[in-house]
């Protein structure tokens, strides 16, 4: 394997190791150090969906946050074709293939567009943000350009099962250059719909004109749901999926996609399950002294809807309908009273539904209300999913607040690289129950700002939620040193 100077080897929580630039201004480097996974929810979904033997196109693969995990799950009979025109990320990806013993990735150095020729890859602070331009500059990188139809002619792929397109504004031209491909093939396609702060609705329209339907992934379960035409997307939604009716039918049959939407109202079984599910959680015993909501009350019915959503044996359409019901009821309740438990449950339901704006607003409200005396009297779901498996001990109010504030730090932005904190991370990182990620977030903000810091002891110790302790101990992370 070629040794690449100024690179870091970071382990992801899914077991993949990536080589990335040794710069905290690089988005991938910062986020993988911070979260030990890529921040997009689709990275967990796709390895579960795709089966060994599948063939995948990763258009705009960068250093391989999608390509490498997918290659691992596809096995020796599967294949990933990774398109990355930038020399630096492509070399890192090639070396990561060797590092992970993956021989089923074909790394290709072309940019995809609607023509064959050459273009310039514009400079950017981070390689993830580089885009094609016809204007050459001294800082730009000249790259070969090709079209998807031409690539299919050359490689004679056969059936393609999945295509990812993340090309910083080049998506529609890629579709233009792949008219024959998308007409003859029927892959599931994931495409970036938002680059920077701009949503490009034209990409969805272009897919629809080719006979595809549009879907989004729910954050709370591996389920795709329809995107209604002219539906306003949550501002945090970055990627959508496109599929033809035959692929849609197969996904519905496999339990991966909601077909027809159905109405849902709680029945006696759902209402009975509402509190029983809460009792089975690690925090359940702490709720035993609380006042249960009246059977059939709006809050009880909202809990029943969420319990139905959590029932994996139910059909995706029924689960989705119940989640939407719970969300609608809780949104109305939270608009009428400042009840901490309702806001926490709503934040959890909104997160699972993909209403991240609503979840963040509810968590900000908890932050404001928690400055006073925190009294918890009703059963609730913790705002952060991680806390389902965390027993609160004797101080449930403190556990409640830490859950909400940790989730607010995660929900308010895709990464601490992009947003200023709502909360005091120096305080939060020292609280019981809090994850190691909060420590990493606190430190990385200072490191990226140029401050030189000793690595906190917690980051030098391996843990279930901290798999890069050896990297932090090594002293190679920019601006860090390790006390002996």
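The numbers here are math on the coordinates, done by the rules we state, and not lab data. Since the model is a prediction, treat every value here as computed from it, not as a measurement. Cβ placement follows ideal geometry from the backbone for every residue including glycine, while neighbour counts extend to all protein chains displayed.
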Euclidean distance between Cα centres, segment 167-191 to segment 372-398, Å: 46
Theoretical gain in end-to-end length, residue 249 to residue 269 [0.36 nm per residue, Cα-Cα removed]: 4.2 nm
Burial ordering of 260, 301, 465, 200, fewest other beta-carbon atoms within 10 Å first: 260, 465, 200, 301
Hydrodynamic radius (Kirkwood) for segment 268-412, which is based on Cα pairs only, to one decimal in Å: 15.0
Three-way shape call for segment 262-318 based on the alpha-carbon gyration tensor, with the a/c threshold at 1.5: oblate
Stretch gain in nm, segment residue 419-residue 368, where the contour uses 0.36 nm per residue and the Cα spacing is subtracted: 16.5 nm
Order of 410, 458, 153, 216 - criterion: other Cβ atoms within 10 Å of each residue's Cβ, fewest first: 153, 458, 216, 410
Cα-based convex hull volume of segment 7-253 per residue, rounded to whole Å³: 124
Burial ordering of 6, 144, fewest other beta-carbon atoms within 10 Å first: 6, 144
Convex hull of Cα atoms in the chain, direction-averaged projection (nm²): 23.7
Protection-proxy order for peptides 218-228, 44-54, each taking the mean of Cβ atoms within 10 Å per residue, highest first: 218-228, 44-54
Rounded Å value of the spacing that divides the Cα centres of segment 86-104 and segment 266-319: 47
Virtual spin-label span in nm between residue 103 and residue 282, 7 Å along Cα→Cβ: 4.2
The chain, helix-only ellipticity at 222 nm - DSSP H runs n ≥ 4, -39,500 (n - 2.57), divided by all residues, nearest 500: -11500 deg cm²/dmol
Nitroxide proxy distance, nm - points 7 Å out along Cα→Cβ at residue 209 and residue 17: 4.7
